[in-house]
Amino acid sequence: MINSLEQFELNKLRTQIAYAIVLKKENFPEPEVIGRLNCPFCQSQQVYQRMRRKDGNTHVCRQCRHDFSLELVDGCRCWFPGKLAKCHDCSRFQAMLLLLKEANDGLRNLSRQELESLLSDLYKH
């Protein structure tokens, strides 16, 4: 019998593998918006990205000097959906959830060793 911590770790491993599988699929859509960011405060395109700060602000506008995160920017710009709170309302993330469930279900009968081997193979390429 598997204890709850072991079950949690197995589910976490399955989900990590499913996420990698889904992102590698050719038919998974790219972000809706690709290109330069506009500042959500002044609409300037003079925006640059910087290291994540503790407050979550990852971008700065050179014109108005506001700090902001992608959470405030319109549209989906996530290459890895699910990282922001707004992702949960995004159609791209909703489509990903269905693919994740499907991929995760296909991994249910694999042992921990098989899962770890599969994960290693996925990140080699």
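Partners of residue 12 within straight-line reach, counting lysines whose Cα lies under 25 Å from its Cα and excluding those fewer than 8 residues away in the same chain: 24, 25, 83, 86, 101, 124.
Local charge for residue 97 was computed over the other residues whose Cβ lies under 13 Å away, with Lys and Arg +1 and Asp and Glu -1, and equals -1. Per-residue ellipticity at 222 nm from helix content only, as computed over the chain with -39500 (n - 2.57) for each DSSP H run of at least four residues, stands at -13000 deg cm²/dmol. Longest stretch of the chain clear of exposed loop sites (GluC sites (Glu not before Pro), DSSP loop, at most 15 other Cβ atoms within 10 Å, sites excluded): 33-125.
Basic side chains Lys and Arg get +1 at the Cβ, acidic Asp and Glu get -1 at the Cβ, and with that the dipole of the chain about its Cα centre reaches some 500 debye. Spin-label model, residue 111/residue 7: points 7 Å from Cα along the beta carbon direction are separated by 2.1 nm. To the nearest ten degrees, helix 4-24 and the longest principal axis of the Cα atoms of the chain are 60 degrees apart. Considering only 96, 80, 68, whose Cα is most displaced toward the positive end of the charge dipole of the chain, charges sitting on Cβ of Lys, Arg (+1) and Asp, Glu (-1)? Most positive-ward Cα: 68. Residues whose amide H comes within less than 5 Å of that of residue 47, counting only those at least five positions distant or on another chain, are 62 (H built at 1.01 Å from N in the peptide plane). Say each of residue 42 and residue 80 gets a label point 7 Å from the Cα, pointing the same way as Cα to Cβ; how far apart are those two points in nm? The answer from the label model is 3.2 nm.
Cβ distances below 4.7 Å define possible disulfide partners, and in the chain the cysteines left without one are 76, 78, 87, 90. Would you please state the base-10 log of I(q)/I(0) at q = 0.13, 0.25 1/Å for the stretch 36-86, with intensities from the Debye formula using one equal scatterer on every alpha carbon? Relative scattering, expressed as log10 I(q)/I(0), comes to -0.28, -1.00.
Values in this text are rule-based calculations from the coordinates and carry no lab data. Keep in mind it's a predicted model, so treat the numbers as computed, not measured. Cβ: placed from backbone, ideal geometry, glycine included. Neighbour counts: every protein chain shown.
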